[in-house]
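Here's the structure we're looking at; comments come further down.
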Amino acid sequence: MSAKIIDGNKIAEEIKFKVKSELTVLKENNKNTKPVLVAIQVGDNPASRVYIKNQKASCEEIGIEYNLKQLDNSITENDLINETQKICKDPSVTGIILQMPLPPQINAKKVQMLISPDKDVEGISPINLGKLLYSDIKPLVAPCTALSVMECIKSTGEQIKGKEVVIVGHSEIVGKPVCLMLLSSVMESATPTVCHIASKELSYHTKRAEILIVAVGKAGLIKGNMIKEGAIVIDVGINRVPLKDENGNPVIDEKSGKPKMKTVGDVVFDEAVNIAGYITPVPGGTGAVTTSILLQNLLSLYKTQVNS
Ligand code: NAD
């Protein structure tokens, strides 16, 4: 059996279409305000440069203004806190994203926690995360990657209620919030198990998962024989590994003389695709959906701001 591929690009396009349609109407009815996302970047890390370029393009495509606030790599933690708080208080700003990585003199979590919940486009402020605990309160925004995982699962049309779900990885932006989202309904929750680096016998858990979510960052961690037949497999991992030819030798880039690299997830896709019922590819799976969720979160913040 070959698994059905969960097409993250298609899901992302559908979300973007809905966000754009709703934003267009809101902007038309609120001509004195506009949705503005401010990205704070400290230094000029090449990885965050790529994210910023993609975020800017996605925002502009659907009518959100994107402003980049670039700060010097040597900025002190106090100065960054002051800058962040100043932007938070600016009524013309809809949402704020603090780009990672930050230089070593900055405690990233400390600064992130100061972003007010009503400007927290990444859904990671303590108040927004805390609301995930309640079955009867819908948080205004939630962590983008966790919501992306939920969208990928829902796109299969399969019921989540009562399902055995195993989540591998217990980060604050994926594993933990996904677990809470799966428990968010009083009557229709799944039965999640969360595994992590200290879990014993990982395959004991993964093999019984009807829905398997993997967010670790280790290529090849989940092999085909660790997956239950017909499972929904959501691979969140993003890993860069050397590209190999058919003999297993690294492919060398003629121009640079360096090994060519490719992006893979945490799941051995070629094995899993023959066992799972559904699977997200990497790239083109959850990662593709995550950016569109950022736009959806911004829309939620904008809606609240224009209605307040
Ligand atoms: P993290 O890096 O903060 O933590 C890794 C998690 O994996 C921890 O819970 C750790 O206990 C667990 N872990 C490590 N080794 C393990 C092992 N051998 N067995 C079981 N568990 C193990 O996690 P993160 O920030 O959620 O990132 C995880 C991966 O997801 C990374 O590859 C990251 O690049 C990727 N990611 C993807 C998206 C997306 O949109 N697709 C977004 C964010 C992160």
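The values are calculated or read from the model by the stated rules, or taken from the named source; none is laboratory data. Note that the coordinates shown come from a computational prediction; the quantities given were computed from them, not determined experimentally. Ideal geometry is used to build each Cβ from the backbone, glycine not excepted, and the neighbour counts take in all protein chains shown.
Tabulated data
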quantity	calculated
Single condition V186 does not satisfy, out of (1) in a helix (DSSP H, G or I); (2) more than 30 Å from V267 (Cβ to Cβ)	(1)
Qualifying residue in the stretch 129-145 (condition: in contact (Cβ under 8 Å) with a residue 12 or more places away in the chain, assigned to a helix (DSSP H, G or I) and within 10 Å of the ligand (Cβ to nearest atom))	yes
Matching residues, the stretch 254-269, being among the charged types (D, E, K, R) and loosely packed, with under 13 Cβ neighbours inside 10 Å	E254, K255, K258
Residue list for the stretch 254-267, filter: among the aliphatic types (A, V, I, L, M) and within 14 Å of the ligand (Cβ to nearest atom)	V264, V267
Test: residue in the stretch 230-253 that is more than 12 Å from the ligand (Cβ to nearest atom), on the phi > 0 side of the Ramachandran plot, at pLDDT below 95 and surrounded by fewer than 19 Cβ atoms within 10 Å (Cβ to Cβ)	yes
Count of the stretch 229-257 residues which are assigned to a loop (DSSP other than H, G, I, E, B) and either in contact (Cβ under 8 Å) with a residue 24 or more places away in the chain or of a type in the set (S, T, Y) (or both)	7
All helices (runs of 4 or more DSSP H) inside the stretch 4-112 with 2 or more residues being within 30 Å of A231 (Cα to Cα) and of a type outside the set (D, E, K, R)	8-29
Looking only at the stretch 108-119, and only at residues there that are closer than 18 Å to V42 by Cα and of a type outside the set (G, A, S), the one that is surrounded by the most Cβ atoms within 10 Å (Cβ to Cβ)	I115
Any hit, the stretch 166-174, residues being in a strand (DSSP E or B), exposed (fewer than 14 other Cβ atoms within 10 Å of the Cβ) and within 10 Å of the ligand (Cβ to nearest atom)	no
Selected residue (criterion: farthest from the chain's Cα centre (by Cα)) from residues of the stretch 149-165 that are surrounded by fewer than 18 Cβ atoms within 10 Å (Cβ to Cβ) and in a loop (DSSP other than H, G, I, E, B)	G162
Tally of residues being crowded, with 17+ Cβ neighbours inside 10 Å and either of a type outside the set (G, A, S) or away from the ligand (no atom under 11 Å from the Cβ) (or both) across the stretch 270-289	12
Test: residue in the stretch 96-109 that is more than 16 Å from the ligand (Cβ to nearest atom), among the basic types (K, R) and either on the phi < 0 side of the Ramachandran plot or in contact with a helix residue (DSSP H, G or I) (Cβ under 6 Å, 6 or more places away or on another chain) (or both)	no
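Okay, residues lined up against (1) over 30 Å from P91 (Cα atoms); (2) under 17 Å from the mean Cα position of the chain (by Cα); (3) of a type in the set (V, I, T); (4) in a strand (DSSP E or B):
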position: A198; (1), (2), (3), (4): yes, no, no, no
position: H205; (1), (2), (3), (4): yes, no, no, no
position: L212; (1), (2), (3), (4): yes, yes, no, yes
position: A219; (1), (2), (3), (4): yes, no, no, no
position: V306; (1), (2), (3), (4): no, no, yes, no
